[in-house]
Every structure is written in C-alpha cells, then in structure tokens.
Amino acid sequence: MGIFDRLTGRGPRASGEERKDRPVPRHIAVIMDGNGRWAKKRGLPRKAGHKVGAETFRTIATYCKDIGVKYFTVYAFSTENWKRPQDEVDALMNLFRTYLKEAAETMVARGVAVRVLGDLSVLPADIQRQIDEVHALADTLGEDAATASLCINYGGRDEIKNAVRALAHDVQAGRLRPEDITEDTISAHLYTAHMPDPDLIIRPSGEVRTSNFLLWQSAYSEYYFTDVLWPDFSTKDMDAAIDDFNRRSRRFGGV
Ligand code: FPP
C-alpha cells in the first residue's frame, strides 16, 4: 500500500484510478520497439514478438484512455519496414487486419476514435477498405472521444515531403502565395493535422533515436527512453514515464 493510500485510508486501487490524481499529458506517442529481441530471447520467431506487442498496444491504449490521455499515437510500421522478410511483413499486416476489425466493432461503444496515419495508398486493398470503414466511424464520434492513432507506412520525412508537394501545387495553381506559407499551414498538411503535437514520446528497448517518427511534430516533445522491451511494457512503465514527464520543466524556448 502506497503512502497516498495510507494517508487516505483507502486500499490499493486499480492503477487506472490511481493516475486520475495526477496530471497526464494530452498526447502520448510511442515507438513500439524491441519486439524482435523479445522473441529472440525466447527462441521464438520475430512475428511472435509482434503478436505480443499488439497485445501490449491494446493494454496501454486502453490504460491511456482510462487515465484521461486524449491522444495516443503509436509507430506500428515505418516506410522502411517493407525491407523486412516477407513473412514478417505479412504477419504485421495480419495483425493490422485483426485490430482494425476489432476497432470497427468496438470503437463507438468504447468512445475511442481509431485513426491510421501514413501513406496508405500502397497498403493491401482490403486493409485500405478496413481503414476507410474505421475512419468513417471515427468521424461519427464527438469531441469528447479519445483518439488512438496507428502510424502505418509512416515516415516523418515522407510526410513532410508530401506536405511540401501539396503546398507547391497550391502555389503553382495560384491558390497560395509563398509568403502565406506558415508553420500552421505546414502542420495542416500533415497526417496529424487535427491533433495537437505530442507532449511525450516514449521509446522502449534501449534505442535512443527518433527513427523518422513525427519529425515536425516532435519539435518540443519530451522524450522518455527505457530499456524495457515493448512486449514487456506495462501500465507501471507508463506511470513511470508520466511521472518523469511531470517532473520536467517545459519552456518551449522561453526561460
Ligand atoms: C519494432 O520492433 C516494431 C515494429 C516494426 C512493429 C510494431 C508493431 C506492433 C507492435 C504490432 C502492432 C499491431 C497493432 C495492431 C497495433 P523490432 O521488430 O524492430 O524489434 P527489434 O529492434 O528488437 O528487432
């Protein structure tokens, strides 16, 4: 029993309840890394690590919603991940199929708008159809809904390149003057146009790099790195990341 419980005389509470006492970031993003190493340590194929990683995603996304995090965004498949063995790519696509089906069936009841961010045009046609269905349902949810976003075939540089291209077309067509291009105009052309920038970006598995994730949006994000491999990442690890975030002093370039 923690000190808070002793002081209040309350017994141990569900961890989701516990967090409500403290502020939580509005937008948390995660680079779900370490699935392959988790599997290797157990003598399992890499895809087994991704399967458990997908379960961890469900647990942590649900926890974030329960404690009041409005936006939860994960890096699920990068523009570079197509280079992986076909068997592994296929396994990841199947996990997306399963999750999108589940999202379509449950998101309205749960009040969570599921979104997929990235260049979706090269994904298998059936997955694109699933994404369209999920986005149509997400559009029916009101302002109060939490948003869980999966970045699939996502690359930060690719996203910025696409935004620049769209702006260049607008200029060429005479719809936009170059001097009217602002940081806001650029943000509005990114996949994340309708959400705030991430406050906290978590990278498990001991790697300390951004790997092309939310390059523009992370300008003032706080980073949190931990050695825990993503399949082992628990609600306690999320609490630790949020506590660490709450101790930071965010000055956004001021003093
Ligand atoms: C990086 O770990 C992880 C990925 C490339 C895939 C992440 C995807 C999932 C956890 C599945 C998500 C599915 C849903 C439904 C959200 P790695 O394979 O690079 O690990 P390693 O660095 O240990 O090799």
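The values are calculated or read from the model by the stated rules, or taken from the named source; none is laboratory data. Note that the structure is predicted; figures quoted are calculated from it, not measured. All Cβ positions, glycine included, derive from the backbone under ideal geometry; neighbour counts span all protein chains shown. Note: accessible area is taken over every heavy atom of the protein model, side chains too, but ligands, DNA and RNA are not part of it. Shrake-Rupley method; radii C 1.70, N 1.55, O 1.52, S 1.80 Å.
When only C-alpha pairs under 8 Å and at least 6 residues apart count, what is the relative contact order of the range 111-197, in percent?
Values: 76 pairs, mean separation 29.9, N = 87.
Rounded, it is 34 percent for the range 111-197.
Grab the other residues whose beta carbon is less than 10 angstrom from that of Ser221, score K and R as +1, D and E as -1, and report the net.
My count for the surroundings of Ser221 gives -2.
Under 25 Å between alpha carbons, and skipping anything fewer than 8 positions from Lys40 in its own chain: which lysines qualify?
Lys51, Lys83, Lys236
Need the full-extension length gain, Arg97 to Thr140, defined as separation in residues times 0.36 nm minus the C-alpha distance. One decimal, nm.
Here the segment from Arg97 to Thr140 would lengthen by 13.3 nm.
So if each residue of separation counts as 0.36 nm, and I subtract the Cα-Cα distance between Leu176 and Ala193, what length gain in nm does that give?
That pair, Leu176 and Ala193, stretches by 4.3 nm at full extension.
When a/c is below 1.5 the answer is rounded, else prolate if a/b is larger than b/c, else oblate, so apply that to the range 103-255 with a ≥ b ≥ c taken from the square roots of the Cα gyration tensor eigenvalues.
Oblate.
Say R0 is 30 Å: what FRET efficiency, to the nearest 0.05, do Arg129 and Lys83 get from their beta-carbon distance?
0.70
Roll a 1.4 angstrom probe over the protein heavy atoms and tell me the percent of accessible area of the chain that is carbon or sulfur.
Numbers: 6920 of 13420 Å².
Carbon with sulfur: 52 percent of the solvent-accessible area.
Can you list the aspartates and glutamates whose alpha carbon is less than 18 Å from that of Lys101, not counting same-chain residues fewer than 8 positions off?
Glu55, Asp90, Asp126, Asp132, Glu133, Asp139
Given points 7 Å out from each Cα along the Cα-Cβ axis, report the Thr210 to Val164 separation in nanometres with one decimal.
For the pair Thr210/Val164, the computed spacing is 1.5 nm.
How high is the relative contact order of the range 107-255, given as a whole-number percent (alpha carbon pairs under 8 Å, six or more residues apart)?
20 percent
What is the range 70-147 by shape, rounded, prolate or oblate, if you read a ≥ b ≥ c off the alpha carbon gyration tensor as root eigenvalues and call it rounded for a/c under 1.5, prolate for a/b larger than b/c, and oblate otherwise?
Prolate is the answer for the range 70-147, as a/c is 1.5 or above and a/b outweighs b/c.
Across the range 201-217, in residue order, what do the Karplus-derived ³J(HN,Hα) couplings come to in whole Hz, using 6.51 cos²θ - 1.76 cosθ + 1.60 with θ = phi - 60° and x for Gly and Pro?
Couplings: 10, 9, 10, x, 5, x, 7, 10, 7, 8, 6, 6, 9, 6, 4, 6, 6 Hz.
Gain in length, Asp232 to Lys41, computed as 0.36 nm per residue apart minus the alpha-carbon separation, to one decimal in nm? Don't jump to the answer; show the numbers that get you there.
Values: separation 191, 0.36 × 191 = 68.76 nm, distance 1.23 nm.
Result for the pair: 67.5 nm of gain on full extension.
Sort out for me the Cα centre separation of the range 75-147 from the range 148-215, rounded to whole Å.
With the range 75-147 and the range 148-215 each reduced to a Cα centre, they are spaced 19 Å.
For Lys41, go through the aspartates and glutamates and keep the ones whose alpha-carbon is under 15 Å away, minus same-chain ones fewer than eight residues off.
Asp33, Asp227, Asp232
Can you list residues whose amide H is under 5 Å from Ile201's amide H, if they're 5+ apart or on another chain and H is modeled 1.01 Å from N?
Residues meeting the criterion, in which the H sits 1.01 Å from N, are Ala29, Glu222, Tyr223, Tyr224.
Taking only protein heavy atoms and a 1.4 Å probe, what accessible area per residue, in Å², does the chain have with all protein chains in place? Provide the component values of the computation, followed by the final result.
Numbers: 13420 Å² over 255 residues.
Each residue of the chain exposes 53 Å² on average to a 1.4 Å probe.
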